[in-house]
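Everything below concerns the one structure shown next.
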2 protein chains.
Amino acid sequence: MVVDTELTDDEVDRIFRALADATRRDIVRRTLDTEASVSELAAEYEMSFAAVQKHVAVLEGAGLVTKHPHGRERKVRGNPEAIRRAQALLDRYEQIWRARIGRLDALLAEDQ
Amino acid sequence: MVVDTELTDDEVDRIFRALADATRRDIVRRTLDTEASVSELAAEYEMSFAAVQKHVAVLEGAGLVTKHPHGRERKVRGNPEAIRRAQALLDRYEQIWRARIGRLDALLAEDQ
DNA sequence: AGTATCTACAACCATTTGGTTGTAGATTAC
DNA sequence: GTAATCTACAACCAAATGGTTGTAGATACT
């Protein structure tokens, strides 16, 4: 099943940008495993609540995480679909490289 | 074959950071397909030579690309190994999510 | 030798990023 | 009702990012 993600450059930018920070990657890890409120997340890191809140916002903007109101708290939940979209992007690079290797092999076979 | 990517947070940061820019992703695409000199690359984008040079440097710092002296020019070559390391990272997130789904399934089965 | 080309690198600038503190609005607990 | 908790958001700041121009060192061309 191909997901066919027609992603904008800007969306791809946001996905990779969001993953380019250890705290944010950790938030993704946690919330893919178990959903957590923003303040539960904030308790895990050595920075202010507002800083964690901003990291969550960056992840949300990239679609890597969604927030769900639950009383006075917002449960943060990792979005596996976004991860898959990122995987699909990297897979394409692999394919480009494999195509090149294929061409080189063909060239070698030709020479023999 | 597991590649055993013992990557630092900092290295992972650099890989995703490097991929978070459309020009840089395009350079990776091109050079995974065909190696190209810095000036050949620079001719492809609407920005100064120095700007492209900086993008290549960012990619090189992330290990996504290597430079090889060839006379007065530096041939830029995409590094498929780095792409695979990034894939491995994303695969781990998938696994975390699948593990959660597995637990939920087990819970449902238990209830029946 | 002299010129053109390719690259490296410094200096500079505007914008973005990642953090802070502080204030205010909802919701829950007592 | 009052107090505590969770969240949102603004304002601010230092550092990083992404671009520029300019200068200089190697290498290739004629």
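The values are calculated or read from the model by the stated rules, or taken from the named source; none is laboratory data. Everything quoted here is computed from the prediction, not taken from an experiment. Here the Cβ is made from the backbone with ideal geometry for all residues, glycine too, and neighbour counts use every protein chain on show. Areas reflect the complete protein model, heavy atoms only, side chains present, ligands, DNA and RNA absent. Shrake-Rupley method; radii C 1.70, N 1.55, O 1.52, S 1.80 Å.
Under a 5 Å amide H cut-off, with hydrogens placed 1.01 Å from N, A:A36 pairs with A:V76 among residues at least 5 apart or on other chains. The HN-Hα couplings worked out from phi for segment A:73-80 by the Karplus form 6.51 cos²θ - 1.76 cosθ + 1.60 (θ = phi - 60°) are 9, 10, 7, 9, 10, x, 10, x Hz, whole numbers, x standing for Gly and Pro. Placing unit charges on the Cβ atoms only, positive for Lys and Arg and negative for Asp and Glu, gives chain A a dipole magnitude near 420 debye about its Cα centre.
Distance from the Cα centroid of segment B:75-107 to that of segment A:39-69 is 22 Å (rounded to whole angstrom). Karplus-based coupling profile of segment A:13-20, in residue order and whole Hz: 3, 5, 4, 5, 4, 4, 7, 8, with θ = phi - 60° in 6.51 cos²θ - 1.76 cosθ + 1.60 and x standing for Gly or Pro. Among the trypsin sites (Lys or Arg not before Pro) in segment B:1-75, those placed in a DSSP loop whose Cβ has at most 16 other Cβ atoms within 10 Å are B:R72.
Shown for B:R77: label points 7 Å from Cα along the beta-carbon vector, and their distances to the equivalent points in the other copies, 4.7 nm in ascending order. Between the residues A:S37, A:A88, A:H70, the greatest Cα displacement towards the positive end of the dipole of segment A:9-111, with unit charges on the Cβ of Lys, Arg, Asp and Glu, is found for A:H70. Along segment A:21-38 the Karplus relation, 6.51 cos²θ - 1.76 cosθ + 1.60 evaluated at θ = phi - 60°, assigns HN-Hα couplings of 8, 4, 4, 5, 4, 5, 4, 4, 3, 4, 7, 6, 8, 8, 6, 8, 6, 4 Hz to successive residues, with x for each Gly and Pro. The B:E60 and A:F49 beta-carbon pair, evaluated with R₀ = 35 Å, returns a calculated FRET efficiency of approximately 0.40. Report in % the part of the accessible area of the protein assembly as shown that belongs to carbon and sulfur, leaving out ligands and nucleic acids; probe 1.4 Å. Reported share for carbon and sulfur atoms: 50 percent. Solvent-accessible surface of the protein assembly as shown, averaged per residue with a 1.4 angstrom probe and all protein chains in place: 58 square angstrom.
Taking both sides together, the accessible area buried where A meets B is about 3000 Å² for a 1.4 Å probe.
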